[in-house]
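The values are calculated or read from the model by the stated rules, or taken from the named source; none is laboratory data. This structure is a prediction, so every number in the text was calculated from the model and none was measured. Ideal geometry is used to build each Cβ from the backbone, glycine not excepted, and the neighbour counts take in all protein chains shown. These accessible areas exclude ligands, DNA and RNA; they are computed on the full protein's heavy atoms, side chains included. Shrake-Rupley method; radii C 1.70, N 1.55, O 1.52, S 1.80 Å.
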Amino acid sequence: SLTKAAIRTNIRIAALELQLRYDVGKRTRRMVQALEDPNRQYRGAALDFARDFADEELCATLAARIPSLGDEARTDLVNWLGERHAAAQIGRITPLIGSSDDQLAAAAIRAAGRIGGQQALEALIAALDGPHAAEAEAALAAFNGSMNEGLMAALDRTPGIQVRALKLIAARRISAAAEKVFDRPHSDTGEVRNAAIAALAGVRPTREF
């Protein structure tokens, strides 16, 4: 009864902690209920407590609730899934990169970068030319896994994607991209030319400029 909405938040949280710790059989149901609670502090406490017992099944159950949650709750859950490196839920996370809610989109970008994998890589590269390009670039800079081929392929996409991909290629010193980087100083787009010239120092060209 102490978890009811009319009770003070700190008391509700303490009661929830006891429930989650000792009533193991009802953990999943109580986590879903907490996630749908309007109180953000209460939701956040539930997710914090779940770090001690979360498994793939719980992650899947909570991720399945994403469509029915508000943007604030989805943001908190996506951040949590990213921290858990919940790779099996990447398909529910990457579509949120295009959310009109800036905080949710940024959370999805961060989570994709932490989780890694091909699907996350493709979604982040696509986001390099959009309203959250800076966040996508930062996520790729700390990406979990190899992304050499993805960045090289990005050099055939829009100028906005090319510019940021060139920065990442130089930072990661991807020598396999040298030939494609070498060709970009002849681009019709000034920003691409400048980015390519700056990137040349980070790769080893296989032919003279």
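Brief remarks follow.
- Helices (runs of 4 or more DSSP H) within segment 1-83 that include 3 or more residues of a type in the set (Asp, Glu): 71-83
- Any pair with Cβ under 7 angstrom, 6 or more apart, that starts in segment 34-55 at a residue that is at negative phi and ends at one that is open to solvent by 40 Å² or more (accessible area, probe 1.4 Å): LEU35/ARG65; ARG40/GLU72; PHE49/GLU17; PHE53/ARG27; ALA54/ARG84
A quick yes/no check of all residues on (1) assigned to a loop (DSSP other than H, G, I, E, B); (2) out of contact with any helix residue (DSSP H, G or I) (no Cβ under 8 Å at 6 or more places or on another chain); (3) aliphatic (A, V, I, L, M):
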residue: HIS85; (1), (2), (3): yes, no, no
residue: GLN89; (1), (2), (3): no, no, no
residue: ILE93; (1), (2), (3): no, no, yes
residue: GLN103; (1), (2), (3): no, no, no
residue: ILE125; (1), (2), (3): no, no, yes
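- Residues (basic (Lys, Arg) and either in contact with a strand residue (DSSP E or B) (Cβ under 7 Å, 6 or more places away or on another chain) or open to solvent by 50 Å² or more (accessible area, probe 1.4 Å) (or both)) located in segment 1-50: LYS4, ARG8, ARG21, LYS26, ARG27, ARG29, ARG40
- Residues satisfying the stated conditions in segment 42-85, i.e. over 16 Å from ARG27 (Cβ atoms) and of a type in the set (D, E, K, R): ASP71, GLU72, ARG74, ASP76, GLU83
- Verdict on ALA87 being out of contact with any strand residue (DSSP E or B) (no Cβ under 9 Å at 6 or more places or on another chain), within 22 Å of ARG51 (Cβ to Cβ) and open to solvent by less than 20 Å² (accessible area, probe 1.4 Å): no
- Residue match in segment 124-143 (condition: touching a Lys or Arg at 6+ places or on another chain (Cβ under 8 Å), modelled with pLDDT under 90 and surrounded by 15 or more Cβ atoms within 10 Å (Cβ to Cβ)): no
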